[in-house]
Amino acid sequence: MKANHGLKWFSIGLLTTWLVIFVLFPNLMVLAVSFLTPDTRELVRPEFDLSSYVRLLDPLYAEVLLHSLYLAGLATLICLLIGYPAAWIIAHTRRRTQAVLLFLIIVPFWTNSLIRTYAMKVILGNRGLVNKTLLELGIIDSPMRLLYSEAAVILALVYILLPFMILPLYSSIEKLPGSYLEAAKDLGAGKLRTFRTVIWPLTLPGVISGCLLVFLPALGMFYISDLLGGASNLLIGNIIRDQILVARNWPFGAALSVTLIAMLAIMLWAYQRALKAMQGGKLA
């Protein structure tokens, strides 16, 4: 018992140390830098300055932020519309089939997302697989412009992040008590009403988790915008990258990063509220 107790505290201490050194401390550094003064020679000067946050209100950056939210939100919605039926089908198949389907969903994780983005560039190019197929079928007379468009960015985001939506949805749907569905059927509820009053509320934690896992990374995947979207379809991650590496304005890049962290905190707060509401029987 003493050995198990010691191992428990060692594990907790190791995890806490890891989080403090590699998560808490770097984020505190980012927060501190966001309130300092930019300096082209020394990157930052230790002088308190709120100009980086004031600059966030600039229409140029506000427009990029809103466009990023739009692209990430649309990609999240598409992932939800595809992922929910897919997770439902997987959860209601035989165990052996489930294992195969889950394996196929996880397989893309074995390849770096940047490499998969380059693959998308090849597929969507003027001489890519899509245009060649459409030309050979006689559907189009000349190659369509698929690259460097909003649609290409959204398609790539959905392709890369869809597994992050399916897996938490599958976990929630698999835990759905079958007796609840049978009770709803016995009480005369149709399929739509059963979904609205039973299935959706009980799987809402999985929905929110999946949306968080898709939406937040989508905001920062600057390489997708660089390779597929062009200059007119920037994500907030592109601005952060440019401010840190090109403009060398670390405080403003840090302020943008803090904004994303704040958005994450708000979404996690909403997630916790939804869980408490469901546990309290308010999501009926």
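Quick one: would you say Thr37 is open to solvent by less than 100 Å² (accessible area, probe 1.4 Å) and closer than 18 Å to Ala247 by Cβ?
The answer is yes for Thr37.
For segment 146-153, does any single residue satisfy the condition of being surrounded by 12 or more Cβ atoms within 10 Å (Cβ to Cβ), closer than 25 Å to Leu234 by Cα, without any contact (Cβ under 8 Å) to a residue 24 or more places away in the chain and within 20 Å of the chain's Cα centre (by Cα)?
If we filter segment 146-153 for residues that are surrounded by 12 or more Cβ atoms within 10 Å (Cβ to Cβ), which is where we start, we get 146-153.
Next, from what is left, pick out any that are closer than 25 Å to Leu234 by Cα: 146-153.
Still in the running and without any contact (Cβ under 8 Å) to a residue 24 or more places away in the chain: 146, 151.
Subset that is within 20 Å of the chain's Cα centre (by Cα): 151.
Scanning segment 146-153 turns up at least one residue that is surrounded by 12 or more Cβ atoms within 10 Å (Cβ to Cβ), closer than 25 Å to Leu234 by Cα, without any contact (Cβ under 8 Å) to a residue 24 or more places away in the chain and within 20 Å of the chain's Cα centre (by Cα).
Identify the residue in segment 90-126 that is closer than 30 Å to Tyr148 by Cα, without any contact (Cβ under 8 Å) to a residue 12 or more places away in the chain and not in a helix (DSSP H, G or I) and, among all such residues, is least open to solvent (accessible area, probe 1.4 Å). Full working, then the answer.
Kept after step one, since they are closer than 30 Å to Tyr148 by Cα, are these residues of segment 90-126: 104-126.
The next check asks that each one be without any contact (Cβ under 8 Å) to a residue 12 or more places away in the chain; those that pass are 104, 107, 110-112, 115, 119, 122-123.
Keeping just the survivors that are not in a helix (DSSP H, G or I) gives 111-112.
Details: Thr111: 59, Asn112: 90 Å².
Among them, the one singled out is Thr111.
If you take just the helices (runs of 4 or more DSSP H) that sit entirely in segment 127-215, which of them hold at least 2 residues that are at pLDDT 85 or above?
129-136, 150-174, 191-194
Any residue in segment 62-70 that is open to solvent by less than 50 Å² (accessible area, probe 1.4 Å) and farther than 30 Å from Pro251 by Cβ?
Scanning segment 62-70, I find no residue that is open to solvent by less than 50 Å² (accessible area, probe 1.4 Å) and farther than 30 Å from Pro251 by Cβ, so the answer is no.
Can you report the number of residues in segment 16-41 which are farther than 18 Å from Ala255 by Cβ and modelled with pLDDT under 90?
Pass one, segment 16-41, residues farther than 18 Å from Ala255 by Cβ: 16-25, 41.
Filter once more, so that each one left must be modelled with pLDDT under 90: 23, 41.
Residues that pass the stated criteria total 2.
Quick one: would you say Thr76 is over 20 Å from Phe222 (Cα atoms) and among the hydroxyl-bearing types (Ser, Thr, Tyr)?
For Thr76, the condition - over 20 Å from Phe222 (Cα atoms) and among the hydroxyl-bearing types (Ser, Thr, Tyr) - is not met.
Within segment 271-284, can you find the residues that are at pLDDT 75 or above and open to solvent by less than 50 Å² (accessible area, probe 1.4 Å)? Before the answer, list the steps.
In the first step, residues of segment 271-284 are kept if they are at pLDDT 75 or above; the result is 271-273, 276.
Selection gives Tyr271 alone.
Applying the selection to segment 127-138, what residues are exposed (fewer than 14 other Cβ atoms within 10 Å of the Cβ), among the hydrophobic types (A, V, I, L, M, F, W, C) and farther than 24 Å from Ile82 by Cβ?
Scanning segment 127-138 gives a single hit, Leu137.
If Ala183 passes every condition in (1) surrounded by 15 or more Cβ atoms within 10 Å (Cβ to Cβ); (2) within 30 Å of Thr197 (Cβ to Cβ) but one, which one does it miss?
All conditions are met except number (1).
The values are calculated or read from the model by the stated rules, or taken from the named source; none is laboratory data. Every value quoted in this text rests on a predicted model; they were computed, and no experiment measured them. Every residue, glycine as well, gets a Cβ built from its backbone with ideal geometry; the counts of neighbours run over all protein chains shown. Heads up: the accessible areas ignore ligands, DNA and RNA and are worked out on the full protein's heavy atoms, side chains in. Shrake-Rupley method; radii C 1.70, N 1.55, O 1.52, S 1.80 Å.
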